[in-house]
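Novice: Dumping the structure here so I can ask a few things about it.
The values are calculated or read from the model by the stated rules, or taken from the named source; none is laboratory data. All of these numbers come straight from a predicted model, not from anything done at the bench. Using ideal geometry, Cβ is built from the backbone for each residue, glycine included, and neighbour counts are taken over all protein chains shown.
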Amino acid sequence: MEYEDSFVKIAGLIGGEEYVKVARALLNTEDVTDEEIASATGLKINIVRKVLYDMFGKALITGIRVKDEKKGWFVYRWRAKQDHVDNFIENQKKKILDRLYKRLEHEDSTEFYHCGNHDCPRVKFDAAVELFFKCPNCKGPLNMVDNSRVKEALRYKIDQITTDIANAKAAAAAASAAAEAAEQEPAKKEKKAAKAKPKPKPKPKKQVPKKEKKKEKKKHKKK
Ligand SMILES: [Zn+2]
């Protein structure tokens, strides 16, 4: 399936096809009502409402209460919060990361015992002592479990998501820096025209620390 927008993609990941239909309707018509979405998507009104309330609860859409002049009563008009999609994804990743850390902590701090039978559960040390090191399920002998591979897998996943979040943050920072530079561009051109001195393209990232260093040096000299 091809998604046209990250907002629609997220909707699909949360709730599947019904959410995708509602999300598309939200993007197609700004400030759309539940009834308008229902007629545009062919979904039942109660399903549309359920999806809308869920998306509202997840802060992916906003609603405004307006009076329907024809009917004489108040209705909600809904709008996609596309700028919140990135935050939503980041929050989800942070939640997963938190769960992974807790799991790793649990694996690190606990000694597990197991009989080696795939259908039987792992048993913690205290419970294993009480069971006289006999499996509660098959009565086989319980041996200490080497959980280093589990921990390794958890650490790998944690690294992966941490890198993911850092990359997303860097990309967002680069995008906003680019947008800022694009806004400043006309002003720079005017200045250039006034001075009539062609300068090499400025690289703001490199210039900032140099300026700071100079300022610091000046401060030190004053002292
Ligand atoms: Zn067993």
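Novice: Do the conditions hold for residue 125, that is, is it on the phi > 0 side of the Ramachandran plot and either of a type in the set (Gly, Ala, Ser) or not assigned by TED's automatic domain parsing to the domain that holds residue 27 (or both)?
Specialist: In short, no.
Novice: Does the range 22-32 contain at least one residue that is more than 20 Å from residue 89 (Cα to Cα) and among the acidic types (Asp, Glu)?
Specialist: The answer is yes, given that some residue of the range 22-32 is more than 20 Å from residue 89 (Cα to Cα) and among the acidic types (Asp, Glu).
Novice: Now, a different point. Report whether or not residue 65 is under 26 Å from residue 28 (Cα atoms) and touching a Ser or Thr at 6+ places or on another chain (Cβ under 8 Å).
Specialist: Considered against the rule, which asks whether it is under 26 Å from residue 28 (Cα atoms) and touching a Ser or Thr at 6+ places or on another chain (Cβ under 8 Å), residue 65 comes out as no.
Novice: Which one is nearest to the ligand (Cβ to nearest atom) among residues in the range 114-126 that are surrounded by 12 or more Cβ atoms within 10 Å (Cβ to Cβ) and either within 20 Å of residue 152 (Cβ to Cβ) or without any contact (Cβ under 8 Å) to a residue 12 or more places away in the chain (or both)?
Specialist: 114
Novice: Do we find that residue 68 is over 25 Å from residue 161 (Cβ atoms), at pLDDT below 95 and either among the basic types (Lys, Arg) or not assigned by TED's automatic domain parsing to the domain that holds residue 140 (or both) in this structure?
Specialist: So residue 68 fits the description; yes.
Novice: Kindly establish whether residue 18 is surrounded by fewer than 19 Cβ atoms within 10 Å (Cβ to Cβ), outside any helix (DSSP H, G or I) and not aliphatic (A, V, I, L, M).
Specialist: Taking the combined requirement at face value, the residue does not satisfy it.
Novice: Another question about this same structure. Return the residues of the range 127-155 that are within 11 Å of the ligand (Cβ to nearest atom) and in contact with a His (Cβ under 9 Å, 6 or more places away or on another chain); say none if nothing qualifies.
Specialist: Listed by number, the residues that qualify are 135, 142, 143.
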